[in-house]
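The values are calculated or read from the model by the stated rules, or taken from the named source; none is laboratory data. Worth saying up front: this structure is predicted, and the values here are computed from it rather than measured. Positions of Cβ are backbone-derived with ideal geometry, glycine not excepted, and every protein chain shown enters the neighbour counts. Please note that ligands, DNA and RNA were not included when accessible areas were found on the heavy atoms of the full protein model with its side chains. Shrake-Rupley method; radii C 1.70, N 1.55, O 1.52, S 1.80 Å.
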Amino acid sequence: MRIAIIGFGNMGQTYANSFMSSGFVGASDILVLNKSKIDEKNRYGIELENFYSKPNSKIFESDILILAVKPQDFKQLASEIKPFLNSEHVILSVMAGISIESMQIELDITKIVRSMPNIPTQIGEGMTVFCASNAVDRKELFIVQNLINTTGKSIYIEKEEMLNAATAVSGSGPAYVFYFMQAMIESAIKLGFSPSEAEFLVSQTFSGSVQLQNRSKLSNEEWIHRVASRGGTTEAALSVFNQNELQEIVIEGIQSANIRAIELGS
């Protein structure tokens, strides 16, 4: 199996690195199309002759084409690569806001998989939600999911519109986590810890809590009750959160992100 990565920015490089690290695809079977020159340190072991700055027939001898360009560059790209495409090509898109139908029209092919990864894919701990056109058969979908899973974990969805919700929850989600972590870090500093101590305290607290939750069958609510003893320090903090309706604010924020994702995709 040969794979062409079109666009070699953060996501393109992430896929190349993940494919080879997992042993799923060899370096010689990855071809890259990128407008600008790639530094040797960013080639991830892919031979220089497998990098191209302009479309050509060799690139499109690949079985799967990964579109990892910016959404605003898609129409121009489509006009350039369309002459090289055929009905057997499978497209995996990581472009936000470009629908399956739009890609089918612009590229004049039917086999499209559209995905929404998040930033932890860069370290193999990502969450990707994806869907596919009806023309993608079960075997092709299985191969694509295995490729995606080299960057973390994934969920397949039937309804394409749910990618907007995925963008709001998991796509944007890391920023929400970092936002809350930063608030805790600033609180720790105000309480007397040094910045480095505060970062270490909060980072390990998040990491340990997530691992604990993942390894247990208890719900988040049950873990909260285990930590928050009646009349204790945790309950005092949670009381302030509840008085200020923090949970409702988070829900409202994610709903707003979903609305914006729909707007950007229309």
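Maximal additional length on extending the LYS75-SER36 stretch stands at 12.2 nm, based on 0.36 nm per residue less the C-alpha distance. Phi angles across the range 176-182 convert, under the Karplus curve 6.51 cos²θ - 1.76 cosθ + 1.60 with θ = phi - 60°, into 3J(HN,Hα) values of 5, 4, 5, 4, 5, 4, 5 Hz, Gly and Pro given as x. Each DSSP beta bridge with both residues in the range 1-129 is either parallel or antiparallel, and the antiparallel ones are about 5%.
Once both labels are positioned 7 Å from their Cα atoms along Cα-to-Cβ, the gap between PHE142 and GLU88 label points is 1.9 nm.
Rounded, prolate or oblate: which fits the chain when a ≥ b ≥ c are the square roots of the eigenvalues of the alpha-carbon gyration tensor, with rounded for a/c under 1.5 and prolate only if a/b beats b/c? Note, shape of the chain comes out prolate. The Cα atoms of the range 1-109 give a gyration tensor whose axes a ≥ b ≥ c have a/c of 1.5 or more with a/b greater than b/c, which makes the shape prolate. The mean sequence distance of close C-alpha pairs (under 8 Å, at least 6 residues apart), as a share of the length of the range 93-178, puts its relative contact order at 29 percent. Counting only DSSP beta bridges with both residues in the chain, the antiparallel share comes to about 15 percent.
So what is the diffusion coefficient of the range 109-261 in µm² per second by Stokes-Einstein at 4 °C and 1.567 mPa s, using a Kirkwood Rh over Cα pairs? After rounding, the answer is 71 µm²/s. Roughly how many Å is it from the Cα centre of the range 158-230 to that of the range 5-41, as a whole number? The two parts, judged by their Cα centres, are 31 Å apart. For the range 213-266, the C-alpha radius of gyration sits at 1.60 times the compact-globule guess of 2.2 N^0.38 Å, with N the residue count.
What number in nm² do you get for the range 146-225 if you take the convex hull of its Cα atoms and divide its surface by four?
On the way: hull surface 30.5 nm².
Taking a quarter of the hull surface, the average projection is 7.6 nm².
Of the cross-linked pairs LYS35/LYS139; LYS70/LYS153; LYS153/LYS190; LYS153/LYS217, those separated by over 29 Å at the C-alpha level are LYS35/LYS139; LYS153/LYS190. Close amide H partners of SER154, meaning residues 5 or more places away or on another chain with modelled amide H under 5 Å apart, are THR128. Once you put a point 7 Å from the Cα of SER22 and another 7 Å from the Cα of PHE180, both along the Cβ direction, what distance in nm separates them? My value for the distance between the label points is 2.8 nm. Computed from backbone phi, the HN-Hα couplings of the range 91-96 come to 9, 10, 9, 10, 7, 6 Hz, rounded to whole numbers (Karplus: 6.51 cos²θ - 1.76 cosθ + 1.60, θ = phi - 60°; Gly and Pro given as x). From its DSSP helices (H runs of at least four residues, each -39,500 (n - 2.57)), the chain gives a residue-normalised ellipticity at 222 nm of -14500 deg cm²/dmol. Ligands, DNA and RNA left out, the accessible area of the chain computed with a 1.4 Å probe is 54% carbon and sulfur.
When the chain is treated as a Gaussian network with alpha carbon springs shorter than 10 Å, the biggest mean-square fluctuation among ILE81, ILE189, ILE155 belongs to ILE189.
Spacing of the modelled spin labels on GLU106 and ASN242, each 7 Å from Cα toward Cβ, amounts to 4.9 nm.
For the range 17-117, averaging the sequence separation of C-alpha pairs within contact (under 8 Å, six or more residues apart) and dividing by the residue count gives a relative contact order of 21 percent. The value of relative contact order for the chain, using C-alpha pairs under 8 Å at least six residues apart, is 14 percent.
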